[in-house]
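Enquirer: Quick one: this structure, given as structure tokens, is what I'll be asking you about.
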Amino acid sequence: MSLFFARTPAPLKPARELPVCSCGALLFRENTGCVTCGSAVGHVPDVSILTSFSILPDGRWKSDHPELRGRHFKPCSGRALVHQCNWMLDAKDNASQCLSCSLTRTIPDLTVPGAPDHWAAVEHTKRQVVIQLLRLDIPVKSKLTYPDGVCFDLLEPQAAGTLVMTGHEDGVITLNLSEANPAHRTATRELMGERYRTLAGHLRHELAHYYWDMLAVSPAWLEQWREVFGDERQDYGVALQRHHQNGPPGDWSLKYISPYASSHPWEDWAECFAHYLHMEEGLETSAQLGIDLRKLHLRAVPFDRSVLGGDISRRSAEKFLERIDRWVLLGLATNELNAALGHEPAYPFVLNIAVVRKLHFIQESLTALSEG
Ligand SMILES: [Zn+2]
Ligand SMILES: [Zn+2]
Ligand SMILES: [Zn+2]
């Protein structure tokens, strides 16, 4: 216990405080209006602020938020669509779409029953995923403007008339829109023997493949990556086929974060990358909420610094492992609360030493991405 408390001093300081309206009411991620006073609400991506706005007679929007004084805005054109994008653009911006909306290259066929709601769910999730990447200074740009950017094709399988495989190739992420249908997603999760399948997980996983392409141009990074994840030059198609036919190796839970991660080093990277972003977002949210882990009646055995090997400085290893410890406790607490409400565990994972090492490598890689 003393060891644990030695590593979890005060609550984390959030990157941003919880957003509030000018009337004082709390605002939530996807609000377009304040439920208390009715003010229009929008998110300003360059400073990551969600707040209330007033609309001037000339149509421009302005906010009383101290960090936005003197600036004028216009809402993203996606605000009028079914997904009600709540992002704002500078009033003088030539573009009509925000960054998140501009990442969608193909919208699904909305005449298929259910498709409008499923599209809305994907766009909501994409906005939250992009907000996090921008907060971490990870480059996000649309392939529609930059050849080395990323974009999304959101395909409704019924309309496509063919199988839609979710995946990434050369900056294009294809997403089977059925993944936004909870019934389909649950059935697929059962069929695949998974315990966790979410839209956020899909988006973070596929983005991981995009960022891998970006990072792997560095021979030094690739060499280190192979030491952690293995040799990606083994045949990908054969590896995936073997995984789908035989399932994961019996000891997968000692080396990987999920059964699918064991299929090929690329999938191991993508699963761990998505997992790191889940963890980081969970920690940031808990910091915004002001959760003080010292007050939980939960204990976890901390990972020892030696699990990260000798090359890492003591300070950076302890800082990283403190976050892992916090996250383990938060996962336990969340799972207990879910069990109390009769739900499945929100966080059905057990971190092992190999995965902790991989997550640390992901953290270092994100730093490299943010430094360009
Ligand atoms: Zn309000
Ligand atoms: Zn938008
Ligand atoms: Zn993948």
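Enquirer: The conditions are (1) of a type in the set (Val, Ile, Thr); (2) surrounded by fewer than 21 Cβ atoms within 10 Å (Cβ to Cβ); (3) within 16 Å of ligand 3 (Cβ to nearest atom), and Thr285 fails exactly one of them. Which is it?
Expert: For Thr285, the failing item is (3).
Enquirer: Given the condition in contact with a helix residue (DSSP H, G or I) (Cβ under 6 Å, 6 or more places away or on another chain), closer than 23 Å to Lys143 by Cβ and not aliphatic (A, V, I, L, M), answer yes or no: does some residue in region 88-95 qualify?
Expert: No, region 88-95 contains no residue that is in contact with a helix residue (DSSP H, G or I) (Cβ under 6 Å, 6 or more places away or on another chain), closer than 23 Å to Lys143 by Cβ and not aliphatic (A, V, I, L, M).
Enquirer: Something else: Pull up region 288-300, narrow it to residues that are in contact (Cβ under 8 Å) with a residue 24 or more places away in the chain and more than 20 Å from Lys13 (Cβ to Cβ), then point me to the one that is surrounded by the most Cβ atoms within 10 Å (Cβ to Cβ). Spell out how you get there, then give the answer.
Expert: First, pick out the residues of region 288-300 that are in contact (Cβ under 8 Å) with a residue 24 or more places away in the chain: 288-294, 296, 298-300.
With more than 20 Å from Lys13 (Cβ to Cβ) added as a condition, the list becomes 298-300.
Values: Leu298: 14, Arg299: 11, Ala300: 18.
The extreme case among them is Ala300.
A quick yes/no check of all residues on (1) of a type in the set (Val, Ile, Thr); (2) more than 16 Å from ligand 3 (Cβ to nearest atom):
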site: Gln97; (1), (2): no, yes
site: Ser100; (1), (2): no, yes
site: Asp117; (1), (2): no, yes
site: Ala120; (1), (2): no, yes
site: Pro147; (1), (2): no, yes
site: Val150; (1), (2): yes, no
site: Gly167; (1), (2): no, no
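Enquirer: In addition: Restricting the search to region 288-303, which residues are closer than 18 Å to Tyr347 by Cα and either in a helix (DSSP H, G or I) or within 13 Å of ligand 3 (Cβ to nearest atom) (or both)?
Expert: Residue satisfying the conditions is Leu293 alone.
Enquirer: Out of Ala270, Ala354, Ala317, which single residue is within 26 Å of Ala10 (Cβ to Cβ) and part of a helix (DSSP H, G or I)?
Expert: On inspection, the qualifying residue turns out to be Ala317.
Enquirer: Sticking with this structure for a sec: Could you list, in sequence order, the residues of region 247-267 that are in a helix (DSSP H, G or I) and surrounded by 14 or more Cβ atoms within 10 Å (Cβ to Cβ)?
Expert: Residues satisfying the conditions are Trp252, Ser253, Tyr260, Ala261, Ser262, Pro265, Trp266, Glu267.
Enquirer: Need the failing condition index for Pro66 against (1) touching a residue at least 12 places away in the same chain (Cβ under 8 Å); (2) out of contact with any strand residue (DSSP E or B) (no Cβ under 8 Å at 6 or more places or on another chain); (3) away from ligand 1 (no atom under 15 Å from the Cβ), just the number.
Expert: Failing condition for Pro66: (1).
Enquirer: Now for a separate question. At least 1 residues that are within 15 Å of Trp266 (Cα to Cα) and touching a helix residue (DSSP H, G or I) at 6+ places or on another chain (Cβ under 8 Å) in each: list the strands (runs of 3 or more DSSP E) lying fully within region 140-246 that qualify.
Expert: In region 140-246, 167-169 are the strands (runs of 3 or more DSSP E) which contain 1 or more residues that are within 15 Å of Trp266 (Cα to Cα) and touching a helix residue (DSSP H, G or I) at 6+ places or on another chain (Cβ under 8 Å).
Enquirer: Looking at the structure I just gave you, is Asp93 at positive phi, of a type outside the set (S, T, N, Q) and more than 16 Å from ligand 3 (Cβ to nearest atom)?
Expert: Values: at positive phi: no; of a type outside the set (S, T, N, Q): yes; more than 16 Å from ligand 3 (Cβ to nearest atom): yes.
Here the answer is no, as Asp93 does not meet what is asked.
Enquirer: Could you please tell me which pairs satisfy a Cβ distance under 6 Å, a separation of 6+ or placement on different chains, a first residue in region 30-47 that is not assigned by TED's automatic domain parsing to the domain that holds Glu123, and a second residue that is more than 15 Å from ligand 2 (Cβ to nearest atom) and hydroxyl-bearing (Ser, Thr, Tyr)?
Expert: Qualifying pairs under 6 Å: Cys34/Ser52; Ser39/Ser52; Val41/Ser52.
Enquirer: Let me ask another. Where the second residue is assigned to a loop (DSSP other than H, G, I, E, B) and more than 16 Å from ligand 1 (Cβ to nearest atom) and the first is within 10 Å of Ser365 (Cβ to Cβ) and basic (Lys, Arg) and lies in region 207-218, which pairs have Cβ atoms under 7 Å and are six or more apart or on separate chains?
Expert: Here the result reads none, with nothing in region 207-218 linked to a residue that is assigned to a loop (DSSP other than H, G, I, E, B) and more than 16 Å from ligand 1 (Cβ to nearest atom).
Enquirer: Give me a count of the residues in region 48-88 that are of a type outside the set (D, E, K, R), surrounded by 16 or more Cβ atoms within 10 Å (Cβ to Cβ) and within 16 Å of ligand 2 (Cβ to nearest atom).
Expert: Final tally of qualifying residues: 15.
Enquirer: Okay, moving on. Kindly indicate whether any position in region 115-129 is in a loop (DSSP other than H, G, I, E, B) and away from ligand 2 (no atom under 16 Å from the Cβ). So that I can check it myself, show each step before the final result.
Expert: As a first pass, look at region 115-129 and keep what is in a loop (DSSP other than H, G, I, E, B): none.
Scanning region 115-129, I find no residue that is in a loop (DSSP other than H, G, I, E, B) and away from ligand 2 (no atom under 16 Å from the Cβ), so the answer is no.
Enquirer: Which ones in region 338-372 are among the charged types (D, E, K, R) and closer than 24 Å to Glu194 by Cβ?
Expert: Glu344, Arg357, Lys358
Enquirer: From the residues in region 322-351 that are part of a helix (DSSP H, G or I) and among the charged types (D, E, K, R), which one is nearest to Val301 (Cα to Cα)?
Expert: Asp325
The values are calculated or read from the model by the stated rules, or taken from the named source; none is laboratory data. No experiment lies behind these values; they were computed from the predicted model shown. Cβ: placed from backbone, ideal geometry, glycine included. Neighbour counts: every protein chain shown.
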